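Report on the following structure.
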Amino acid sequence: MKGNNYWVLNGFAIYNSKKGLVLDNSHHNDIKNINVNKIGDEGIHLRTYSSFNTVENCYVDSTGIVSTGTGEGMYVGSATSNWATYTGGDPDTCNYNVLTGNSFGAHIVSENIDIKEGTSHGTISYNTFNGAGLNGQNYADSWLDMKGSYYSIACNTGANTIADGLQSHINYTGFGDYNIFSGNDLTVGSTGYGINVATSSSNGTATHNVVCSNNTVSAGAVGLTNVTTQTCSGASCLVTSVASPAETSLYNLSPNPANDHITVNLSKENTATSYVITDVLGQVKKSGNFDSFSVHIDIQELVHGMYIFTLSNTNSSVRFIKQ
Ligand SMILES: [Ca+2]
């Protein structure tokens, strides 16, 4: 995709290609339910300023068949060494992208997700990582390499890696910082950490990353993380509905993804009087009351990302994405 905005790519497969799906200068697209498999290089790549995109419920496997050093499952931005090619030497600011609910197979030779320096404000949530195929080339020894800033990395699960589960790196001054890791469940199966956070490198220091104490690690020889954990405001990773549009028997929420508003319709049996909207870290972003069976909620002030809608009278929550 080159310069394509507001497209929905839904429900097909990409097989036997050099790269799977690449976005350049493409914004506000919704990419979902796509099977990417048997790929020479990387599976899905958001590149050249591509921002405000959502990649959800996709499955990626067997990447790096040809280029064994660049076989990432998903890739956001570009490395500093490629900025001259894609962005005239400027940082490749692919910002506000949401990667959620995706699954990764056992034959991905590089990181499941590689987030490059120069990108910021994305969400990486509810993904299922698998490091069984990692080959160790170009530091491909973790499910995630986080080199961006101001990301939320929440409610992901992972199994099997070479070194660590999730890594944060400082590859460019000012990046690899201000990220929050919350509610991730990490079955490392190696000698590393669940979450390994670089605090200094030749490119500077990063002291504002937050690793919440609600992350869990198992089968890791060293432990959860190399930095001091912090208590974070109750992120709940137990929201089970990922339906789109989100529907339960008690209410439905649409559209999803949404741009400037959502509409919630209650069933006649539903006696809810109020609602609350939180981000994936559990912080309340909006709340309000129902005075009829339908409510129209303005979400223009929410930044692009994933949110959780909860009714007051139940623990019934659904996720939605502000695009
Ligand atoms: Ca790595």
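The values are calculated or read from the model by the stated rules, or taken from the named source; none is laboratory data. Every value quoted in this text rests on a predicted model; they were computed, and no experiment measured them. Ideal geometry is used to build each Cβ from the backbone, glycine not excepted, and the neighbour counts take in all protein chains shown.
Descriptive notes on the structure:
- GLY133 being in contact (Cβ under 8 Å) with a residue 12 or more places away in the chain, part of a loop (DSSP other than H, G, I, E, B) and either within 16 Å of the ligand (Cβ to nearest atom) or within 18 Å of GLY71 (Cα to Cα) (or both): yes
- Enumeration of residues in segment 52-71 that are surrounded by fewer than 22 Cβ atoms within 10 Å (Cβ to Cβ) and of a type outside the set (Phe, Trp, Tyr): ASN57, ASP61, SER62, ILE65, VAL66, SER67, THR68, GLY69, THR70
- The residue of segment 108-136 that is farthest from the chain's Cα centre (by Cα), among those that are buried (at least 24 other Cβ atoms within 10 Å of the Cβ) and of a type in the set (S, T, N, Q), is SER110.
Every residue, every condition in (1) modelled with pLDDT of 95 or more; (2) within 15 Å of the ligand (Cβ to nearest atom); (3) in the same structural domain as LEU281 (by TED's automatic domain parsing), yes or no:
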position: MET74; (1), (2), (3): yes, yes, no
position: ALA79; (1), (2), (3): yes, yes, no
position: THR87; (1), (2), (3): yes, no, no
position: ASN97; (1), (2), (3): yes, no, no
position: PHE104; (1), (2), (3): yes, yes, no
position: GLY122; (1), (2), (3): yes, no, no
position: ALA140; (1), (2), (3): no, yes, no
position: ILE153; (1), (2), (3): yes, yes, no
position: GLY165; (1), (2), (3): yes, yes, no
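- For segment 13-34, the condition of being in contact with a Leu (Cβ under 7 Å, 6 or more places away or on another chain), closer than 17 Å to ASN138 by Cβ and touching a residue at least 24 places away in the same chain (Cβ under 8 Å) holds for none of the residues.
- Count - residues of segment 159-203 that are assigned to a loop (DSSP other than H, G, I, E, B) and of a type in the set (A, V, I, L, M, F, W, C): 5
- Filter result (away from the ligand (no atom under 12 Å from the Cβ) and either touching a Leu at 6+ places or on another chain (Cβ under 8 Å) or in a loop (DSSP other than H, G, I, E, B) (or both)) within segment 110-120: LYS116, GLU117, GLY118, THR119
- Scanning segment 142-151 for residues that are within 11 Å of the ligand (Cβ to nearest atom) and outside any loop (DSSP other than H, G, I, E, B), we see that the one that is nearest to PRO91 (Cα to Cα) is MET146.
- If you filter segment 137-161 down to residues that are hydroxyl-bearing (Ser, Thr, Tyr) and touching a residue at least 40 places away in the same chain (Cβ under 8 Å), you find that the one that is surrounded by the fewest Cβ atoms within 10 Å (Cβ to Cβ) is SER152.
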